[in-house]
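The values are calculated or read from the model by the stated rules, or taken from the named source; none is laboratory data. Predicted model, so just to flag it, every value in this text is computed and none were measured. Glycine also receives a Cβ, built like all others from the backbone with ideal geometry; neighbour counts cover every protein chain displayed.
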Amino acid sequence: MGVDKAKLHDWYKNHLSDFTAPCVQKELHAHDIALPPPEVTAKQRSIDVPIVKPENMGEQMAVDEKYIAGEFYTLLTNGKTGKIALMAATTKVSRLSEVMKEFGDKRFEVKILTRDLSPSYDWFGRENFMNAIHVADKFHVLKHAFDALQDLRIYYRQKLLTQRRTEYEVYLKEKKTNPSGAFTYKEDKLPNGETHRELLARSQYLLFKFKDQWTESQSQRAAVLFNHYPDIEKAYHLICSFRAWYSPANVDASSNSVSNDVVIKLEDWFHKVDQSAIAELLNFKSLVQRSKGAILNYFTTRATNAIAESNNSKIKSLLNSNHGARNLDFFYFRLTNYLT
């Protein structure tokens, strides 16, 4: 069209849309939560609650957080339609429950609530959706699994970096007595031509894949990695085993109870993690145990936060086209029109 993007943005905001209409401006902050006097600051007197739409509630809802303009927002999304029922600039259960009173009996219609493993959203669900089954979102659970595996890789890489730093500090001390001395730090080359530090850095992506998905170079790198770091190999196979257990093939959405086979396999996986004695995996196992009920509910519902995650990408797109979030009210306005 040959029209400057900034000018087109300004036209839409101030002339073509209803954004500047008094009724729209009033509605944008009609549900904001006023902060009590001790919490009021020069910059903040209330918590933004730009979206409250009881009509968007349904039998399956997803609660998730989104980082926008320096704040964490809670979004409550209809798991079937993708429409947002609640958006609030807080993750505090007490604040969210205060707003949820406006939903009245709509809260009792929710049968399934998908969420991450946050204790806050667990309690939020218990307080507001008394008839709902909680389902731990598979995407978030697997993210924790991958984080545990990557933490182990990073642990070994940090040990090497610490060793190099320590040797350099020794060199600096010795230089005072031997000014002509030069710092040398020899790193042996491995069979694939990489140093240990390079190997650990470049192995990041292959650990996200199953073995049969590796490229030829990744297969060669994995062989060297597992030969020198057997703990990483153990952890990799245990995480792959957990992913296989979480496979849709084990889901029986027609049943109201989880099969004994699924539970037995999970307990067997717990035992193998204990035997590995790998701290990172023990921490992940503890997280799974604490959320075991919500995780197992996936096998009878097959419910996930997929639509909420899809909305996150749409929100990111809106932020980009809105020149970031410099004008939050206009961003709220566009989001309300787009996702409610």
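Being touching a helix residue (DSSP H, G or I) at 6+ places or on another chain (Cβ under 7 Å) and of a type in the set (A, V, I, L, M) is the filter; apply it to region 209-250 and report the residue that is nearest to residue 298 (Cα to Cα). The extreme case among them is 239. Put simply, of 82, 58 the only residue that is outside the structural domain of residue 289 (by TED's automatic domain parsing) and either at pLDDT 95 or above or in a helix (DSSP H, G or I) (or both) is 58. Put simply, of 88, 42, 34 the only residue that is in contact (Cβ under 8 Å) with a residue 40 or more places away in the chain and hydrophobic (A, V, I, L, M, F, W, C) is 88. Considering (1) farther than 30 Å from residue 109 by Cα; (2) out of contact with any Asp or Glu (no Cβ under 7 Å at 6 or more places or on another chain), the lone condition that residue 195 does not fulfil carries the number (2).
If you go through region 16-51 and keep only what is of a type in the set (Ser, Thr, Tyr) and either modelled with pLDDT of 85 or more or outside the structural domain of residue 334 (by TED's automatic domain parsing) (or both), you end up with just 46.
Of these, 249, 277, which one is without any contact (Cβ under 8 Å) to a residue 24 or more places away in the chain and on the phi > 0 side of the Ramachandran plot? Only one candidate qualifies: 277. Within region 23-55, being outside any loop (DSSP other than H, G, I, E, B), out of contact with any Asp or Glu (no Cβ under 7 Å at 6 or more places or on another chain) and closer than 16 Å to residue 332 by Cβ holds for 23, 25, 26, 27, 51.
So, in region 127-165, of the ones that are touching a helix residue (DSSP H, G or I) at 6+ places or on another chain (Cβ under 9 Å) and charged (D, E, K, R), which residue ends up nearest to residue 231 (Cα to Cα)? Walk me through how you get there before you give the answer.
Within region 127-165, the first condition is being touching a helix residue (DSSP H, G or I) at 6+ places or on another chain (Cβ under 9 Å), and the residues that meet it are 127-139, 141-142, 144-157, 160-161, 164.
Going one step further and asking which of them are charged (D, E, K, R), we end up with 127, 137-138, 147, 151, 153, 157, 164.
Numbers: 127: 42, 137: 28, 138: 25, 147: 15, 151: 12, 153: 9, 157: 13, 164: 22 Å.
My answer is 153.
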